[in-house]
Amino acid sequence: MFITNSVCVCGVKSPLQKLMAKQMKHQQFQCCYKNWVAQQQLDLDELLQTLTNYPTDLDYLQLITKKIVSHFENYNNSRAELAKHDGPSFLAPSWGSTFENSFLWIGGCRPALMIRLVYALCGSHLNTHLEEFLEGIRHGNIGEISSLQLKRIDELHAKTIKEEDKLSSYMATLQEKIADEPLVLLASGCRGIGESSEGGVVDKTMDTHALDLYNVLLEADKLRMKTLKGILEFLTPLQAVEFLVAAKKLHLSLHEWSTRRDTRMGITQLLGSNNPSSSGDPPPPLPPPAET
């Protein structure tokens, strides 16, 4: 058996190879997110074209809605496969902007936020077209949600919040476990910070926590998908497309504003982030330092 500085000829990976493998895996994590941002922009363009060219074609409206949902499902499946290797990375993603990350709920948007968006769109459309509405003019858009639709959405909202609370409570339990055995005893008994004669126990415990976080991430993603499908089920084909347009615009705009904010605050340079811009434009240059 011959051993070099980085490779063990017997087939066992050296520490350097293991480190490089982990770095490549995290690059895949970031790539998955970049691809999702790009897909969101493509989806938005197609949705807007649909509203312009086929607003009354119910079959086509339903077809495009199913297509967008399938893209979301594909992203969830890809992310789930990658998260097996390191669940915590998806709960506090290094590839996300700081502003976006501050609003994350178990690795993504809070499901109830989607329902709040329906309420906001309904009120906004009604206010914008109030005069037409009073005159009896109807367009069939999301501002004209019926009382039956609203009742069903309210019921979905209540169920979603209950399921969110269950996952939030479970997440809190996982966080509190950090103060339990064996980590607290190992930390108390070590001579130096982060040192321990039982490194294997530490690694095993942290891997167990990471697996628990991965599992709760999967449950949160399932709830997000369930909520999205529930909303679309209660909306008409036109309303569903209008909702998806608004959701895409909100996500992409927040991502763009947050990325620009990180650049303006100097956070992008500080963290060495290459967070993608949804517009494809380069980030604005930093202002020159003030003269003293």
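Listed by chain and number, the lysines whose C-alpha is less than 17 Å from the C-alpha of LYS248, apart from same-chain residues fewer than 8 away, are LYS34, LYS66, LYS67, LYS229. The residues of region 148-273 expose on average 59 square angstrom of accessible surface per residue, using a 1.4 Å probe on protein heavy atoms. Within the assembled protein chains, the solvent-accessible surface assigned to LYS166 is about 150 Å², based on a 1.4 Å probe. Measuring only protein heavy atoms, the 1.4 Å probe finds LYS177 accessible over about 80 Å².
Carbon-plus-sulfur accessible fraction, region 164-258 (probe radius 1.4 Å, protein heavy atoms only): 58%. Scanning residues 5 or more positions from TRP105 or on other chains, those with amide H under 5 Å from its amide H are ARG110, with H placed 1.01 Å from N in the peptide plane. Ordering PRO93, LEU61, LEU42 by the projection of their Cα atoms onto the charge dipole of region 33-109, which places +1 on the Cβ of Lys and Arg and -1 on the Cβ of Asp and Glu, puts PRO93 at the extreme positive end.
Per the Debye calculation on region 164-229 with a single equal scatterer at every Cα and no solvent contribution, log₁₀ I(q)/I(0) for q = 0.15 Å⁻¹ amounts to -0.58. Here the accessible area is traced with a 1.4 Å probe on the protein chains. For region 58-114, carbon and sulfur cover 57 percent of it.
The values are calculated or read from the model by the stated rules, or taken from the named source; none is laboratory data. Note that this is a predicted model, so its numbers are computed, not measured. When we count neighbours, we look across all protein chains shown, and the Cβ atoms used for this are built from the backbone with ideal geometry, even at glycine. Please note that ligands, DNA and RNA were not included when accessible areas were found on the heavy atoms of the full protein model with its side chains. Shrake-Rupley method; radii C 1.70, N 1.55, O 1.52, S 1.80 Å.
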